[in-house]
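K.L.:
Below: one structure in structure tokens.
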Amino acid sequence: MLQGQFMAEMNAKPDTVGDTAGSNMPVLLLGIVAMLASLWLTGFGGMLAKLILIGFWGIWVGPAILRGRLTGDGLVAVLLLGVLVGVVGLGDGGTDEKVRLIGNLLILPLGLICGLWLGRDCLRVMVPALILYLPMASVFQITHEGWRLNHPFLFLGLFALTCAMRRRARGWIGGVAAVAVVLSQTRIAVLALMIAFVGRVRFSRAMTWLFGLPTLIAVGVMMTIWLPRLLMTHGSGRLAFWQMFWNDWQTASSARQWLGFGAGSVEAILQDLPSAAAFGALHNDHFRILFETGLIGAILWLMGWGMLIWFARGSRLAMCVLASVVVTMVTDNTLSYGHYLICCGMAAGIAMRENTDARQ
């Protein structure tokens with residue numbers, strides 16, 4: 001299995017979690033600067049922010065990837081990802097759109113590999129970068145539904161990383177990140193937060209039931225009173241556009257249904273609709289994969305997620321973090337949230353690594 005292969009490779013080397021933290025200090029500092037630059041560039045759009053994200057972490061774990069001898073489940077997972085990338089690359093769509101979609105598809109697996117190979121060194125880069133960036137970039141925005149805190153998915157990624165931390169500071173950092181997600185009043189982000197939180201809770205402790213459960217109920221009641229948007233059930237126009245794209249896919253030729261309309265086709269269609277100018281994207285990554293890459297791409301997509309859950313089955317935290325990502329993709333454009341995806345991948349990878357270490 002992929003996880004076991006990375007564990008065997010790491011056992012032959014000094015533990016990057018603790019023994020090499022000091023010797024890697026220049027790399028860690030460079031990583032924090034690179035991640036701050038990447039976060040800052042997200043506000044300008046484009047691919048540069050993600051290129052920095054993929055480039056830095058790709059170079060750091062590059063030796064592990066090149067030395068890896070994949071067999072069994074690991075080889076199947078890599079082949080699935082490679083075929084899906086090939087479907088995107090050979091399909092319709094412009095070169096820029098293809099590169100963007102392929103880059104988005106690679107970020108979560110890259111984060112998972114970083115968590116498995118680098119362990120807590122990932123936290124030493126990503127957590128400080130997010131802690132420095134978010135206070136400066138976070139503001140309350142007034143909308144027609146009330147005020148909301150921006151950057152819910154960056155805070156959600158920070159919370160996922162704190163779930164993989166050991167030090168006492170994780171409680172304060174994770175708590176602040178969780179409160180920020182709730183204050184964003186982004187329903188799907190709050191739901192994902194709750195799913196990830198399940199992976200962190202110790203259900204075998206009496207305090208969880210005697211103190212934690214009543215506290216959670218009280219917080220839930222206060223949220224319904226002070227944050228009414230969380231209970232709103234409207235789809236913000238999503239359902240109408242999903243129906244439109246579903247009709248387009250159903251009435252398309254067999255070739256389109258199997259191979260898709262091509263990378264970037266969703267945005268191209270929406271841009272031609274005056275009523276959808278503010279909508280921007282489909283807000284459903286699972287459906288987007290079906291529409292742009294067809295049934296072949298959708299089958300590979302589902303098989304890939306199945307492989308990820310299979311790898312993470314030994315760690316409840318890893319499974320919950322990955323499940324939370326799957327849930328966000330139902331009503332949001334999660335594939336375009338590179339920093340959130342890589343944070344969740346890292347958290348899941350660290351949890352998988354430590355679960356393997358505990359069994360050895």
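K.L.:
If R₀ is 35 angstrom, what is the calculated FRET efficiency for the pair Leu51 and Ile217, using the beta carbon separation as r and rounding to 0.05?
P.N.:
0.20
K.L.:
What order, most packed first, do the peptides 170-176, 115-121 have when packing is the mean number of other Cβ atoms within 10 Å of each residue?
P.N.:
Highest to lowest by the protection proxy: 115-121, 170-176.
K.L.:
Apply the Karplus parameterisation 6.51 cos²θ - 1.76 cosθ + 1.60, with θ equal to phi minus 60°, to every residue of the range 74-87 and state each ³J(HN,Hα) to the nearest whole Hz, in sequence, with x for glycine and proline.
P.N.:
With coefficients 6.51, -1.76 and 1.60, one gets x, 5, 4, 4, 5, 5, 4, 5, x, 5, 4, 4, x, 4 Hz.
K.L.:
Now for a separate question. Starting from the alpha-carbon convex hull of the range 49-105, give the projected area averaged over all orientations, in nm².
P.N.:
4.4 nm²
K.L.:
Where does each of Asp92, Asp73 land when they are ordered by accessible area, with a 1.4 Å probe and the largest first?
P.N.:
Asp92, Asp73
K.L.:
On a full-extension model of 0.36 nm per residue, what is the gain between Arg238 and Ser253, subtracting their alpha-carbon distance, rounded to one decimal in nm?
P.N.:
Between Arg238 and Ser253, full extension yields 2.9 nm more.
K.L.:
Quote the FRET efficiency, to the nearest 0.05, computed for Leu29 versus Ala281 with a Förster distance R0 of 51 Å and r equal to the Cβ-Cβ distance.
P.N.:
0.90
K.L.:
Relative to the present Cα-Cα distance, how much length would full extension add between Ile142 and Leu90 at 0.36 nm per residue of separation?
P.N.:
14.4 nm
K.L.:
For a protection proxy built on the mean count of beta-carbon atoms within 10 angstrom, sort 43-49, 32-38, 317-323 highest first, please.
P.N.:
Ranked by mean Cβ neighbours within 10 Å, highest first: 317-323, 32-38, 43-49.
K.L.:
Need one number: the % of Cα-Cα pairs in the range 243-320 sitting beyond the 21 Å mark.
P.N.:
39 percent
K.L.:
Let me ask you something else. Let me check something: with ligands and nucleic acids excluded, how do His283, His151 order by accessible area (1.4 Å probe), largest to smallest?
P.N.:
His151, His283
K.L.:
Provide the descending list of Cα extents for the range 281-360 along its principal axes, expressed in whole angstroms.
P.N.:
44, 24, 15
K.L.:
Then there is this: Taking the simple approach of a point 7 Å from Cα along Cα-to-Cβ for both Leu79 and Leu132, what is their distance in nm?
P.N.:
About 4.4 nm, to one decimal.
K.L.:
Please report the net charge: other residues with Cβ closer than 9 Å to the Cβ of Cys163, K and R +1, D and E -1.
P.N.:
+2
The values are calculated or read from the model by the stated rules, or taken from the named source; none is laboratory data. The structure presented is a predicted model; accordingly, all values stated were derived computationally and were not measured. Don't worry about glycine lacking a Cβ; one is built from the backbone with ideal geometry, like all the others, and counts go over all protein chains shown. Surface areas here come from the heavy atoms of the whole protein model, side chains and all, with no ligands, DNA or RNA. Shrake-Rupley method; radii C 1.70, N 1.55, O 1.52, S 1.80 Å.
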